[in-house]
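The values are calculated or read from the model by the stated rules, or taken from the named source; none is laboratory data. Because the structure is a prediction, the values reported are computed rather than measured. Positions of Cβ are backbone-derived with ideal geometry, glycine not excepted, and every protein chain shown enters the neighbour counts. Protein only, heavy atoms only, side chains kept; ligands, DNA and RNA dropped before computing areas. Shrake-Rupley method; radii C 1.70, N 1.55, O 1.52, S 1.80 Å.
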Amino acid sequence: MTGERSLPGAVPAEDEAPPILQIDGLTKRFAGGALALDNVSLQIRPGEIFALLGPNGAGKTTLIGAVCGLVRPTSGRIQAFGQDARRHWRAMRGRIGLVPQELGFDIFDTVWRQVRYSRGLFGRSPAADLLEEVLRSLSLWDKRDAQIRTLSGGMKRRVLIAKALAHEPDILFLDEPTAGVDVELRRDMWRQIAGLKARGVTIILTTHYLEEAEEMADRIGIMHRGRLLLVDDKRSMMKRLGRTEARFTLIRPLGAVPEPLADLPVELVDGGRVLLYRGGDGAGRGREHVAVLAQRLAEMGERFTAIEQRESSLEDIFMQFVDAEGTRAC
Ligand SMILES: Nc1ncnc2c1ncn2[C@@H]1O[C@H](COP(=O)(O)OP(=O)(O)OP(=O)(O)O)[C@@H](O)[C@H]1O
Ligand SMILES: [Mg+2]
């Protein structure tokens, strides 16, 4: 499997648009000694939604911080919009929006003033119409004169999104935008994010909700201990690493896997009462195998009461990678 992984920093094919963001060999060692980023290379395509996954402390926020100028890299290079970040810092930052992981603003200020202030920070002329549209799209218009301290946690998170959008960024980072947000609001945010993508905004988000990445992302990157372990299109990742698991509950327990089944990845568990299949390729091969197994069991006269079958989710794939990494590091 390792040999098949796509290289995170691979050069795009000739017909692909140049990356909107290019990160090469980015390393960050904090003063305390933590290696938060370990030689990370990544290219972000214009207009895509890229989900960065990884356990706590993987380095996701540090990576975003490095691109947004909040963290000074130890080494490596960042280019955005075809220009070197160090040399064209102000112009580049003016085209990037950040929804930070931590909620933080003047809670006594009103929604409207905060959003207007955010736009002003980037030297953009006031644009009341645009700010109204941003607030309306996030269902915040009615709350425009409310003090932020009076809003619920989920609404505060929307204000952070409004602030990040106030200067019309081309790239938007969302660092756990739906943490602590209820299911309804989360779905609402997914719609907002899809709407931004439709308007051409490139989106990089982090999340611990894997179904969020599964639902929204075009591509996914898995980070662990400062390293980017894998970058791939969501669909091809699921296809390549996906697995089928099927449990046949047998009426008569077996002592050993019967010869006619031995060419398939099966084992006996639960004292021989369950024939467990784990295999396939996420592209339907597993389901074919399960049908073959059912037929062969029937031909052998081995009856079963149930087949429980499930396809692996992104969550399984993620855990598979993080576990494998943990084992290697031990
Ligand atoms: N300012 C800092 N000083 C020292 N160490 C830091 C600092 N910020 C982050 N770290 C360390 O860097 C590593 C990566 O942290 P980071 O916040 O980037 O992880 P994360 O993937 O965003 O995690 P989470 O999912 O919890 O948000 C951690 O070991 C963290 O303790
Ligand atoms: Mg973080």
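General observations
- Of all accessible heavy-atom area on the chain, the percent that carbon and sulfur account for (1.4 Å): 49 percent
- ³J(HN,Hα) computed for each position of segment 80-85 - Karplus, 6.51 cos²θ - 1.76 cosθ + 1.60, integer Hz, glycine/proline x: 10, 6, x, 10, 6, 4
- In sequence order, segment 199-213 has phi-based couplings of 8, x, 6, 8, 10, 10, 10, 10, 7, 9, 8, 5, 5, 5, 5 Hz under the Karplus curve 6.51 cos²θ - 1.76 cosθ + 1.60, θ = phi - 60°, and Gly or Pro positions carry x.
- Hydrophobic long helices, here whole DSSP H runs in the chain with Kyte-Doolittle means of at least -0.5 and Cα atoms spread over 20 Å or more along the helix axis, are found at 183-198, 285-299, 314-329.
- Close amide-amide hydrogen proximity is noted between Leu230 and Ile222, each under 5 Å apart and 5 or more residues distant or on a separate chain (H modeled in the peptide plane; Pro and chain starts excluded).
- Local electrostatic count at Leu35 - Lys and Arg +1, Asp and Glu -1, tallied over other residues with Cβ under 12 Å: +3
- Remark: the Arg86-Asn56 segment gains 7.9 nm on full extension, using 0.36 nm per residue and subtracting the alpha carbon distance.
- The chain: antiparallel DSSP beta bridges as a percent of all, rounded to 5: 70 percent
- Close amide H contacts of Glu48 (hydrogens built in the peptide plane, cut-off under 5 Å, sequence separation of 5 or more or a different chain): Ile203.
- Remark: relative contact order (segment 34-98) = 23 percent; criterion is Cα-Cα distance under 8 angstrom and separation of 6 or more residues.
- For a label point 7 Å along the Cα-to-beta-carbon line of Ala179, residues of segment 191-207 with backbone N under 20 Å: 193, 203-207
- Per-residue 3J(HN,Hα) values for segment 218-230, derived from phi via the Karplus relation 6.51 cos²θ - 1.76 cosθ + 1.60 with θ = phi - 60°, read 8, 10, 9, x, 10, 10, 7, 6, x, 10, 8, 7, 7 Hz in sequence order (x marks Gly and Pro).
- Set of lysines with alpha-carbon distance to Lys60 below 26 Å, sequence-local pairs under 8 removed: Lys28, Lys156, Lys163, Lys197, Lys234, Lys239
- In terms of its alpha-carbon gyration tensor, segment 2-239 comes out prolate; a/c meets the 1.5 threshold, and the first ratio a/b outweighs b/c.
- Equivalent ellipsoid dimensions for segment 121-260 as semi-axes, Å, which come from the Cα gyration tensor, largest first: 43, 18, 13
- Net lengthening on full extension, Thr249/Arg29 (0.36 nm per residue, minus Cα-Cα): 74.0 nm
- Distance-filtered residues of segment 189-228 - backbone nitrogen under 14 Å, label point 7 angstrom along Glu325 Cα→Cβ: 207-208, 220-228
- Heavy-atom accessible surface of segment 2-239, averaged per residue, reaches 48 Å², computed with a 1.4 Å probe.
- A cut-off of 5 Å between modelled amide H atoms, ignoring neighbours fewer than 5 places along the same chain, links Arg273 with Leu254.
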